[in-house]
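The values are calculated or read from the model by the stated rules, or taken from the named source; none is laboratory data. Being a predicted model, the structure only gives us computed values, none of them experimental. FYI the Cβ positions are ideal-geometry reconstructions off the backbone, even for glycines, and counts take in every protein chain you see.
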Amino acid sequence: MKRQFRILTIFILAGGLLSAPVLAGAADKVRVRIAGFRQLGAAYKGVSDGLRSNDLARVRAASGQIGGASRTIYSWFPRGSGPQPGVKTAARAEIWSSAGDFRDAADAFARQAQAFQRVTAGGDLNAIKAESRKLGATCKGCHDSFRAASD
């Protein structure tokens, strides 16, 4: 009986040690994603602040950051970085179980970010504000479908 207990203990400990790098890898992927979204949020705040103060240079710079992030956002969600024990993430499992829908949402965001960049190249503040609202709507649409509500 003691021998079986020792063997079971060894398997449990070995399993824990072997899974630790997997969890660390997933946690690292989530940290990269969070950092990307923080930068994206800061850029969107730059758009809002720039529009409020009529600072087109700030809006254009921020739109460039958003455009760049929009082309990589899908890569922030590699397999193994979703909800699982030991990994805190607001990403819903639907990102991976409905990957086509998520890809469509990410592509819609990228298209809208590009449209926003094109409009910011001009000087029409009303058009820029309208495209900014559309951009915010694509963000919200993805959050509504693929992000867990925060408590």
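Which pairs do you get when a residue that is within 14 Å of Tyr44 (Cα to Cα), found in segment 98-114, comes within reach of a residue that is among the aliphatic types (A, V, I, L, M) and surrounded by 13 or more Cβ atoms within 10 Å (Cβ to Cβ), reach meaning Cβ atoms under 7 angstrom, with the pair 6+ apart or on two chains?
Listed pairs, sorted by first residue: Phe109/Ile73; Gln112/Leu135; Ala113/Ile66; Ala113/Leu135.
Could you list all residues from segment 61-93 that are of a type in the set (Gly, Ala, Ser), within 16 Å of Ala115 (Cβ to Cβ) and in contact with a Leu (Cβ under 8 Å, 6 or more places away or on another chain)?
If we filter segment 61-93 for residues that are of a type in the set (Gly, Ala, Ser), which is where we start, we get 61-64, 67-70, 75, 80-82, 86, 90-91, 93.
From the residues that got through so far, the ones that are within 16 Å of Ala115 (Cβ to Cβ) too are 62-64, 67-70.
The one that is of a type in the set (Gly, Ala, Ser), within 16 Å of Ala115 (Cβ to Cβ) and in contact with a Leu (Cβ under 8 Å, 6 or more places away or on another chain): Ala69.
Could you check Ala121 against (1) out of contact with any Gly (no Cβ under 6 Å at 6 or more places or on another chain); (2) small (Gly, Ala, Ser); (3) closer than 20 Å to Gln39 by Cβ; (4) in contact (Cβ under 8 Å) with a residue 40 or more places away in the chain and say which number it fails?
Failing condition for Ala121: (3).
Just the residues that are under 13 Å from Val47 (Cβ atoms) and of a type outside the set (Lys, Arg), please, taken from segment 120-144.
To start, the set of residues in segment 120-144 that are under 13 Å from Val47 (Cβ atoms) comprises 120, 125, 128-136, 139.
Thr120, Leu125, Ile128, Ala130, Glu131, Ser132, Leu135, Gly136, Cys139, listed by residue number.
To keep it simple, each residue is scored yes or no on (1) assigned to a loop (DSSP other than H, G, I, E, B); (2) surrounded by fewer than 18 Cβ atoms within 10 Å (Cβ to Cβ); (3) among the β-branched types (Val, Ile, Thr).
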{"residue": "Ala42", "(1), (2), (3)": "no, yes, no"}
{"residue": "Arg79", "(1), (2), (3)": "yes, yes, no"}
{"residue": "Phe102", "(1), (2), (3)": "no, no, no"}
{"residue": "Arg111", "(1), (2), (3)": "no, yes, no"}
{"residue": "Ala115", "(1), (2), (3)": "no, yes, no"}
{"residue": "Arg118", "(1), (2), (3)": "no, yes, no"}
{"residue": "Gly122", "(1), (2), (3)": "yes, yes, no"}
{"residue": "Arg133", "(1), (2), (3)": "no, yes, no"}
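Which residues, taken from segment 30-50, are of a type outside the set (A, V, I, L, M) and within 14 Å of the chain's Cα centre (by Cα)?
Arg31, Arg33, Gly36, Phe37, Arg38, Gln39, Gly41, Tyr44
Out of curiosity, is Ser63 surrounded by 13 or more Cβ atoms within 10 Å (Cβ to Cβ) and part of a loop (DSSP other than H, G, I, E, B)? It would help to see each step written out before you state the result.
Details: surrounded by 13 or more Cβ atoms within 10 Å (Cβ to Cβ): yes; part of a loop (DSSP other than H, G, I, E, B): no.
In short, no.
Can you tell me how many residues within segment 42-67 are out of contact with any helix residue (DSSP H, G or I) (no Cβ under 8 Å at 6 or more places or on another chain) and modelled with pLDDT under 95?
Counting residues in segment 42-67 that are out of contact with any helix residue (DSSP H, G or I) (no Cβ under 8 Å at 6 or more places or on another chain) and modelled with pLDDT under 95 gives 0.
Can you pull out every residue in segment 85-97 that is part of a helix (DSSP H, G or I) and touching a residue at least 60 places away in the same chain (Cβ under 8 Å)?
Going residue by residue through segment 85-97, those that are part of a helix (DSSP H, G or I) are 94-97.
Listed by number, the list is empty, since nothing qualifies.
Kindly provide the set of residues from segment 44-60 that are surrounded by 14 or more Cβ atoms within 10 Å (Cβ to Cβ), in contact (Cβ under 8 Å) with a residue 60 or more places away in the chain and touching a Leu at 6+ places or on another chain (Cβ under 9 Å), ordered by number.
The answer is Tyr44, Val47, Leu51, Leu56, Val59.
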